[in-house]
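To start, the structure itself, in structure tokens.
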């Protein structure tokens, strides 16, 4: 929804509501992000020389890069963006000018081959995430890949092969597990033993039928939206208890808009995700999560209010503004190129494969309206998939 085309009264009401939800600074950058998306330059701007410590590249300069990635990088580290790339040169120029980047371009190889860049944030259209990430790994860069990191199993296989071959440093754009309340919730659940019951209700934006999300190659809303919550429930189940995972879908007329999916994990944990996209939600995506494990009962609303009951104890937390974990996750990715940013390739491969396999097989289960069972990652599984793809 393009809010810049709405009435003045609507825009003022939206801004005031967002100030209450996100605070003044975040609301202002969200507003600038809306105008960034429709900005067209008569004359492309000239930029100053990059800052001495500029070493980050951004590929894909849409609203998310403008309002989140670039914003949080500058807020925490200063003008560290050296190169900004988008196939729409206006978006690359707009982001570069706003955040003090050294240059902008519509050619990805300029950023990928820049010897002064050691970290690239990939936030382009979904079908190109894997392609750009692999090229960056081949050039020796660390890579943050926004969700989804792949749109089919061939891409997932190729990405894992590239990580293994180049001992690559990779982080994914799943932010909710690193949100303040998300981490608090996981801490209490991890204290309990046995299986759990998880229930997500998500009210998402309605988007136009011709939106690029629905292009065949982009993967639809399961890969564009639902993957956030498949990744979150993946994190909430201990690694030794996850597999096998059984996916059981329920669909209505559209296989990726109004859906319910049930997941049964190896230890008997049941997770249900209900995703509704029937209209526009004035306050953005709305989420309600409930969990029961052992003696712990949890309710979480919109990553702003949390209630935890543990027997006779009640813990309540309410944040001043919503925190979906974007800042923490962008900082985690930035730490990959700092001395403390060491990664185990084996654990990284397991995570990238398993969370990708989970959302890809969820999409397949919904489209085929059939139950699917998943197994854990192994090197043998990757070799088998690699062989079948060659």
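Any read-out appearing in this document is the output of simple, stated calculations on the displayed coordinates, not a laboratory observation. What you are looking at is a predicted structure, and each value in this text was computed from that prediction instead of being measured. Don't worry about glycine lacking a Cβ; one is built from the backbone with ideal geometry, like all the others, and counts go over all protein chains shown.
Can you give the FRET efficiency to the nearest 0.05 for residue 371 and residue 258, using r as the Cβ-Cβ distance and R₀ = 22 Å? About 0.65, to the nearest 0.05. Counting only DSSP beta bridges whose two residues both lie in the chain, roughly 60 percent are antiparallel. Between residue 40 and residue 191, the FRET efficiency estimated from the beta carbon spacing at R0 = 41 angstrom works out to 0.15.
Applying 0.36 nm per residue to the separation of residue 309 and residue 386 and subtracting their alpha-carbon distance, the gain on full extension is 23.0 nm. With contributions of -39500 (n - 2.57) from each DSSP H run of at least four residues, the per-residue ellipticity at 222 nm computed over the chain stands at -11500 deg cm²/dmol. The equivalent ellipsoid of the range 58-205 has semi-axes of 30, 20, 15 Å, largest first, where each one is the square root of 5 times an eigenvalue of the Cα gyration tensor. Extending 7 Å from Cα along the Cβ direction at residue 299 and again at residue 282 yields two label points whose distance is 2.2 nm.
According to the Cα-based calculation, Rg over Rh for the range 195-283 is 1.01, with Rh computed by the Kirkwood formula.
Computed extension length for residue 164-residue 215: 15.3 nm, one decimal, from 0.36 nm per residue of separation with the Cα-Cα distance subtracted. Here the extension length gained between residue 19 and residue 76 equals 18.4 nm, from 0.36 nm per residue of separation less the Cα-Cα distance. Here the peptides 213-220, 232-239 are ranked by packing, the mean other Cβ count within 10 Å, and the order with the highest first is 232-239, 213-220. When each of the peptides 160-173, 83-96, 192-205 is scored by the mean number of other C-beta atoms lying within 10 Å of its residues, the order from highest to lowest reads 83-96, 160-173, 192-205.
Size descriptors for the range 312-384 (Cα atoms only): Rg and Dmax, in that order, 18.3, 51 Å.
Neighbour counts of other Cβ atoms within 10 Å put 176, 11 in the fewest-to-most order 11, 176.
The tail of the calculated P(r) for the chain beyond 29 Å holds 44 percent of all Cα-Cα pairs.
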